[in-house]
Amino acid sequence: MCLIASISDLITGKIKVNKIISIGGWVRNRRHSKLGISFINLYDGSCINDIQIIANNKLDNYKNEILSITSGCSLTVKGQLKISLKNIQKYEIYATKIKILGWVKNPGEYPISPKKHSLKYLRKVCHLRSRTTIINCITRIRHNIALFIQNFLHKKNFFWISTPLITTLDTEGSGKMFRVSTLDLKNFRYQKNINFFKKDFFGKESFLTVSGQLNLETYACSMSKVYTFGPTFRAENSNTTRHLAEFWMLELEIAFTNLKSLMKFAEKMLKKIFEYFLNFHKDEIIFLSNKIEKNLFNKIEKVLLNKFDIIEYTEAINILKNCKEKFSHFITWGDDLSLEHEKYLTNNYFNNSVIIFNYPKNIKAFYMYLNNDNQTVASMDVLLPDIGEIIGGSQRESRIQFLDKRLKELNLSKDDYWWYRDLRKYGTVPHSGFGLGFERLLSYMTGLHNIKDVIPFPRTPYNAKF
């Protein structure tokens, strides 16, 4: 009986040698010898490896079709699985039948030809770039890391909450949000008054969410440990290697927990992710080490083995002010850290991952717990070398009088946050949470320093065509 197989099944030995199998995939490249034998490298996306197909001129369609195969053609192959006679690959398939399902029209114009393409070029052909080994590799890593994180949280008794993508509140207070509206854009004249959006779909000015946190807190205050994982949106005109207009965030909230416990959990979770990656993605790490970042193994092991350095914001500022480094932006107490400051702390001063906590309240959001000094909030950022902040979180303000005071200071309406305030009125509890930028995590783990390369379809200023 003929087995339907994936290349992953073959490589991992799930199918016995000498079996007659059927396989489907796309041609990576091919070579025809003068002896009437063709060597076709086929991939199907199931793993990082290709499989070599050996076809001879005894096949019925050898001259009419097989000799015309080009890179990108899709095939099904029936044949016998054998141990390769060369060390280049472990297995080969000796074809008894090859069927061409899809030809490549005008092979000379095929955007993903066998030659090496830059990552910058591949961003221009996002609809085809998954056919390259590197994007194929990144996509599998993305899938597996996402599954691992959710399984890790499941084992820790977290519940997944599907928080809304459409909101009327600006969680972060930056104002850089995408408006959602069904109003006629041809006759649209924005008016900042309370009645203007009453005729809109939701009866109120609405936006794509920048964070699911506020909604997530409502379930944390009844189910103790919850998380959400999905896309978030920022209308920042930042076309950098670290920013996207649409990106994925893992956000979690834990009831009966303070900032100190949250920092411990963040470090533990990151280490578990890196441990999984190191143990179960060695082939991908070797590939990326050869293609992207030479010391990738060492970088991953360093995060895993070293205890994170933990310092207060005030100490971080003192280090930066007293160092001999010449920064582009002068730093003083009360300023937010820029990437160059974060890099100095992680790459130079500590040579390690760093957690900074107790930031000034004036540079943080209204929902963070006010410390006794009345100047700082119980917040924290986790910084990794090279990439900077990867996690941002805090203990949430659970005291309604303090929350109301912060809303007033920031000119935010209590009426807009009535349901959020209810959590503090009815059985309030200390609770804490953080958000993990998924693409930044993948960028660090894979060595791909532009996060546009670790998301299937990057959304950036002037770029949403795919």
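Out of R189, R129, I need the residue that is basic (K, R) and closer than 30 Å to P111 by Cα. Which one?
Details: R189 fails: closer than 30 Å to P111 by Cα.
Only one candidate passes the filter, namely R129.
Determine if the stretch 221-238 includes at least one residue that is within 15 Å of E439 (Cβ to Cβ), in the same structural domain as I149 (by TED's automatic domain parsing), aliphatic (A, V, I, L, M) and surrounded by fewer than 21 Cβ atoms within 10 Å (Cβ to Cβ).
First, the residues of the stretch 221-238 that are within 15 Å of E439 (Cβ to Cβ): 229-234, 236, 238.
Now restrict to residues that are in the same structural domain as I149 (by TED's automatic domain parsing): 229-234, 236, 238.
Imposing the further condition that a residue be aliphatic (A, V, I, L, M) reduces the set to none.
No, there is no match, as no residue in the stretch 221-238 is within 15 Å of E439 (Cβ to Cβ), in the same structural domain as I149 (by TED's automatic domain parsing), aliphatic (A, V, I, L, M) and surrounded by fewer than 21 Cβ atoms within 10 Å (Cβ to Cβ).
Step by step: first the residues of the stretch 73-91, then only those that are of a type in the set (S, T, N, Q) and at pLDDT 90 or above, then the one that is farthest from R31 (Cα to Cα). Which residue is that?
Going through the stretch 73-91, the residues of a type in the set (S, T, N, Q) turn out to be 74, 76, 80, 84, 87, 89.
Applying the additional criterion that residues be at pLDDT 90 or above yields 74, 76, 80, 84.
Values: S74: 16, T76: 18, Q80: 20, S84: 17 Å.
Result: Q80.
Only residues in the stretch 340-365 that are assigned by TED's automatic domain parsing to the domain that holds I311 and free of Cβ contacts under 8 Å to residues at least 40 places away in the same chain count as the first member; pair them with residues that are of a type in the set (S, T, Y) and surrounded by fewer than 20 Cβ atoms within 10 Å (Cβ to Cβ), Cβ under 9 angstrom, at least 6 apart or cross-chain, and list the lot.
Once the first residue is assigned by TED's automatic domain parsing to the domain that holds I311 and free of Cβ contacts under 8 Å to residues at least 40 places away in the same chain and sits in the stretch 340-365, its partners that are of a type in the set (S, T, Y) and surrounded by fewer than 20 Cβ atoms within 10 Å (Cβ to Cβ) give E340/S328.
Does S38 fit the bill of being in contact with a helix residue (DSSP H, G or I) (Cβ under 7 Å, 6 or more places away or on another chain), surrounded by 19 or more Cβ atoms within 10 Å (Cβ to Cβ) and at negative phi? Spell out the reasoning first.
On the way: in contact with a helix residue (DSSP H, G or I) (Cβ under 7 Å, 6 or more places away or on another chain): yes; surrounded by 19 or more Cβ atoms within 10 Å (Cβ to Cβ): yes; at negative phi: yes.
Considered against the rule, which asks whether it is in contact with a helix residue (DSSP H, G or I) (Cβ under 7 Å, 6 or more places away or on another chain), surrounded by 19 or more Cβ atoms within 10 Å (Cβ to Cβ) and at negative phi, S38 comes out as yes.
Tally time: how many residues in the stretch 410-450 are within 19 Å of K361 (Cα to Cα) and in contact (Cβ under 8 Å) with a residue 40 or more places away in the chain?
8
Which of the helices (runs of 4 or more DSSP H) found entirely inside the stretch 297-413 contain at least 3 residues meeting this: more than 30 Å from P430 (Cα to Cα) and touching a helix residue (DSSP H, G or I) at 6+ places or on another chain (Cβ under 8 Å)? Before you say what the answer is, go through the steps one by one.
On the way: elements: 313-322, 339-343, 400-409.
Correct list: empty, since no element meets the threshold.
For the stretch 20-35, name all the residues that are surrounded by fewer than 18 Cβ atoms within 10 Å (Cβ to Cβ), in contact (Cβ under 8 Å) with a residue 24 or more places away in the chain and more than 25 Å from G108 (Cα to Cα). If you could, list the steps in order and put the result at the bottom.
As a first pass, look at the stretch 20-35 and keep what is surrounded by fewer than 18 Cβ atoms within 10 Å (Cβ to Cβ): 20, 22, 24, 29, 31-35.
Add one more test, that the residue is in contact (Cβ under 8 Å) with a residue 24 or more places away in the chain, and what stays is 20, 22, 24, 29, 32.
Result: I20, S22.
With respect to the numbered conditions (1) in contact with a Leu (Cβ under 6 Å, 6 or more places away or on another chain); (2) surrounded by fewer than 16 Cβ atoms within 10 Å (Cβ to Cβ), which one is the sole condition not fulfilled by V454?
So V454 meets the others, but not (2).
Can you pull out every residue in the stretch 202-213 that is over 10 Å from E172 (Cα atoms), within 23 Å of the chain's Cα centre (by Cα) and among the hydrophobic types (A, V, I, L, M, F, W, C)?
F207, L208
Right, F466: surrounded by fewer than 23 Cβ atoms within 10 Å (Cβ to Cβ), of a type in the set (A, V, I, L, M, F, W, C) and not assigned by TED's automatic domain parsing to the domain that holds K291 or not? Write out each step before concluding.
Working: surrounded by fewer than 23 Cβ atoms within 10 Å (Cβ to Cβ): yes; of a type in the set (A, V, I, L, M, F, W, C): yes; not assigned by TED's automatic domain parsing to the domain that holds K291: yes.
The answer is yes for F466.
Could you list, in sequence order, all residues of the stretch 60-72 that are surrounded by fewer than 18 Cβ atoms within 10 Å (Cβ to Cβ), under 20 Å from G24 (Cβ atoms) and more than 40 Å from the chain's Cα centre (by Cα)? Before you say what the answer is, go through the steps one by one.
In the first step, residues of the stretch 60-72 are kept if they are surrounded by fewer than 18 Cβ atoms within 10 Å (Cβ to Cβ); the result is 60-61, 63-65, 67-68, 70.
Filter again for under 20 Å from G24 (Cβ atoms), leaving 60-61, 65, 68, 70.
Result: D60, N61, E65.
Could you list, in sequence order, the residues of the stretch 97-119 that are touching a helix residue (DSSP H, G or I) at 6+ places or on another chain (Cβ under 7 Å) and not in a strand (DSSP E or B)? Step through it out loud before you land on a result.
Residues of the stretch 97-119 touching a helix residue (DSSP H, G or I) at 6+ places or on another chain (Cβ under 7 Å): 98, 111-112, 119.
Of everything in the stretch 97-119, those that are touching a helix residue (DSSP H, G or I) at 6+ places or on another chain (Cβ under 7 Å) and not in a strand (DSSP E or B) turn out to be P111, I112, L119.
Taking the options N144, N157, name whichever one is assigned to a loop (DSSP other than H, G, I, E, B), in the same structural domain as E284 (by TED's automatic domain parsing) and either in contact with a strand residue (DSSP E or B) (Cβ under 7 Å, 6 or more places away or on another chain) or surrounded by 12 or more Cβ atoms within 10 Å (Cβ to Cβ) (or both).
Details: N144 fails: assigned to a loop (DSSP other than H, G, I, E, B).
Only one candidate qualifies: N157.
Do you know which residues across the stretch 428-466 are assigned to a loop (DSSP other than H, G, I, E, B), under 18 Å from I138 (Cα atoms) and not aliphatic (A, V, I, L, M)?
So in the stretch 428-466, the residues assigned to a loop (DSSP other than H, G, I, E, B) come out as 428-430, 447-450, 454-459, 461-462, 464-466.
Filter once more, keeping what is under 18 Å from I138 (Cα atoms): 447-450, 454-459.
Of everything in the stretch 428-466, those that are assigned to a loop (DSSP other than H, G, I, E, B), under 18 Å from I138 (Cα atoms) and not aliphatic (A, V, I, L, M) turn out to be G447, H449, N450, P456, F457, P458, R459.
Note down all Cβ pairs under 8 Å where the first residue falls in the stretch 296-315 and is in the same structural domain as N352 (by TED's automatic domain parsing) and under 15 Å from I273 (Cα atoms), the second is among the basic types (K, R) and crowded, with 16+ Cβ neighbours inside 10 Å, and they're at least six residues apart or on different chains.
Note: pairs meeting the criteria are V303/K271; L304/K271.
Sort through Y62, Y94 and tell me the only one that's of a type in the set (S, T, Y) and in a strand (DSSP E or B).
Details: Y62 fails: in a strand (DSSP E or B).
From the options Y62, Y94, the qualifying one is Y94.
Which residue is modelled with the lowest pLDDT, if the candidates are limited to the stretch 92-118 and must be among the aromatic types (F, W, Y) and closer than 11 Å to V27 by Cβ? Working first, answer last.
Taking the stretch 92-118 first, the residues among the aromatic types (F, W, Y) are 94, 103, 110.
Filter once more, keeping what is closer than 11 Å to V27 by Cβ: 103, 110.
Values: W103: 98, Y110: 94.
Among those that are among the aromatic types (F, W, Y) and closer than 11 Å to V27 by Cβ, it is Y110.
Assuming A5 fulfils every condition listed in (1) surrounded by fewer than 14 Cβ atoms within 10 Å (Cβ to Cβ); (2) modelled with pLDDT under 95; (3) not aromatic (F, W, Y) apart from one, which condition is it?
Going through (1) surrounded by fewer than 14 Cβ atoms within 10 Å (Cβ to Cβ); (2) modelled with pLDDT under 95; (3) not aromatic (F, W, Y) one by one, A5 breaks only (1).
The values are calculated or read from the model by the stated rules, or taken from the named source; none is laboratory data. Computed from a prediction, not measured in an experiment: that's the story for all the values here. Please note: Cβ atoms are built from the backbone with ideal geometry, for glycine as well, and neighbour counts cover all protein chains shown.
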